[in-house]
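The values are calculated or read from the model by the stated rules, or taken from the named source; none is laboratory data. No experiment lies behind these values; they were computed from the predicted model shown. Backbone-built Cβ (ideal geometry, glycine too); neighbour counts: all protein chains shown. When the accessible area is computed, the model is the full protein with side chains, heavy atoms only, and any ligands, DNA or RNA have been set aside. Shrake-Rupley method; radii C 1.70, N 1.55, O 1.52, S 1.80 Å.
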Amino acid sequence: QVQLVESGGGSVQAGGSLRLSCVASGRTRTGYAVGWFRRTPGKKREFVAAVSWNGGGTYYADSVKGRFIISRDFAKDTVYLYMNTVKLEDAAVYYCAAGQANTDRDDEYDYWGQGTPVTVSS
């Protein structure tokens, strides 16, 4: 079992930056990929970014490519999502997830956090 806790959400102005954190605990010695997803009311959960178990591979949705950066700190069992040049459409609840594969498919992830909300103002 892996437990995930997100933090760092809040309010940001369009064009600004925000850093989300996802801290893992439990059976973290087993390598796992981590993905960030987001959901807005009335919409399906949307893939944002993922990082491989060894940190060597990253994968981004086209909508955030060039603006968001995913990285992981193995010493802290933490994965970060750096949100830069934030847009109004980035407002959502952001979730991190852990699984075996570095993928954009949410059904490939086994463990999920509770989510952290991000609001964007103009």
(request) Mind listing just one residue for me: the one in the stretch 83-122 that is in a loop (DSSP other than H, G, I, E, B) and of a type in the set (A, V, I, L, M) and, of those, least open to solvent (accessible area, probe 1.4 Å)? (result) Val86
(message) All but one of (1) in contact (Cβ under 8 Å) with a residue 24 or more places away in the chain; (2) out of contact with any helix residue (DSSP H, G or I) (no Cβ under 8 Å at 6 or more places or on another chain) hold for Glu108; state the number of the condition that does not hold.
(response) (1)
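Let's see how each residue does on (1) of a type in the set (Ser, Thr, Tyr); (2) at pLDDT 95 or above:
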| residue | (1), (2) |
| --- | --- |
| Gly9 | no, yes |
| Leu18 | no, yes |
| Ser21 | yes, yes |
| Gly35 | no, yes |
| Lys43 | no, no |
| Thr103 | yes, no |
| Asp107 | no, no |
